[in-house]
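Here is the structure we will look at.
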Amino acid sequence: GVFEEAKPDVVIHWAAESHVDRSIMEALPFLRTNIMGTQVLLDLSRTYGVEKFINISTDEVYGELGEEGRFHETTALNPSSPYSVSKASADMMGRAYHRTYGLPVITVRPSNNYGPWQYPEKLIPLTILKAMTNEKIPVYGKGKNIREWLFVSDCADAVFKIMETGTIGETYNTGSGEEQRNIDVVKTILKLLKKPEDMIEFTEDRLGHDFRYSLNSGKIREHTGWQAKISFHEGIEKTVSWYVDNTAWVQGKLDYPR
């Protein structure tokens, strides 16, 4: 296979089933991909002697926060959904392979990513799409849940920094420090698209919906010098513009059976 032919020096394990709502409807694909898939890659990496295995986790492994405080890398994992449980398992599996086998694993826990090319089931692209087609925009509960938003290119830069200068065996929270309520994200998108706020339709809250995520990202700044460059204001404008200019791609994803 690819591993045998290429024998990579570094593996960056991004792959995941990543949509919380779908995991609530059907957990098994998340367990297969996120846990078993990670174990397969870890074993292959041992076999072929990779020099670094960058295991991409998520802030959702920590569970939820109240209105105060931030997650640190030492915060106990307390996942709430089948998705976040599967990611916590993959996270722990990578760290176990480092401890047990000496596999050179580095764990990365980013906050919510957004930007171009994101599949249109996630909050930001879904909101953009529905606003463009003048459909009602569903918002869970009252939209007060808070997320820390990280523009996708900033996340990619962080992973490359960690690959180059991160310490084997360490875990790095990777966030922007910019928190937004879901309702404010939706209102910002509507404003950029010059659409009325009465397009918002509040719906029954998601089962087990975490209230807030927020990361302390001091460690990655200290170890690698990385910090997010793109503000939410700039990033959301870039994102809305991209989706407006790439409606054919979005429609193709909507038509693709999953």
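The values are calculated or read from the model by the stated rules, or taken from the named source; none is laboratory data. The structure presented is a predicted model; accordingly, all values stated were derived computationally and were not measured. Every residue, glycine as well, gets a Cβ built from its backbone with ideal geometry; the counts of neighbours run over all protein chains shown. Side chains included, ligands, DNA and RNA excluded: accessible areas come from the protein's heavy atoms. Shrake-Rupley method; radii C 1.70, N 1.55, O 1.52, S 1.80 Å.
Remark: spin-label model distance GLU222-LYS136 equals 5.0 nm, labels positioned 7 Å along the Cα→Cβ axis.
Only alpha carbons enter this Debye calculation for the stretch 141-253, each as an equal point scatterer, and the log10 of I(q)/I(0) it gives at q = 0.10, 0.23 Å⁻¹ is -0.40, -1.25. Highest mobility in the GNM of the chain, judged by mean-square fluctuation with C-alpha springs under 10 Å and restricted to THR47, THR171, THR127, is found for THR47. When only C-alpha pairs under 8 Å and at least 6 residues apart count, what is the relative contact order of the chain, in percent? Relative contact order, the chain: 22 percent.
Here the label points at HIS19 and ASP184, each 7 Å from Cα along the C-beta direction, are separated by 2.7 nm in the simple model. Count the DSSP beta bridges whose two residues both fall in the chain, then state the antiparallel fraction as a percent rounded to the nearest 5. Expressed as a percentage, antiparallel bridges in the chain total about 15.
Under a model in which nothing but the beta-carbon of Lys, Arg (+1) and Asp, Glu (-1) is charged, the chain shows a dipole of about 80 debye around its Cα centre. Taking amide H positions as modeled 1.01 Å from N, with prolines and chain starts lacking one, the residues under 5 Å from ARG109 and 5 or more places away or on another chain are SER57, TYR172, ASN173, THR174. With the Kirkwood sum run over all distinct C-alpha pairs, the chain has a hydrodynamic radius of 19.2 Å.
For the residue pairs LYS194/LYS253; LYS52/LYS253; LYS87/LYS195; LYS187/LYS229; LYS136/LYS238, the C-alpha atoms sit more than 30 angstrom apart in LYS52/LYS253; LYS87/LYS195.
Take the solvent-accessible surface of the protein heavy atoms, probe 1.4 Å, and return the percent of it on the stretch 119-223 that carbon and sulfur atoms account for.
In the stretch 119-223, the share of accessible area belonging to carbon and sulfur is 50 percent.
Accessible area per residue for the chain is 49 Å², calculated with a 1.4 Å probe on protein heavy atoms, without ligands, DNA or RNA.
What a 1.4 Å probe finds exposed on the stretch 25-70 is 52% carbon and sulfur by accessible area, rounded to a whole percent. Subtracting the Cα-Cα distance of THR203 and LYS7 from 0.36 nm times their residue separation leaves 65.7 nm of extension gain.
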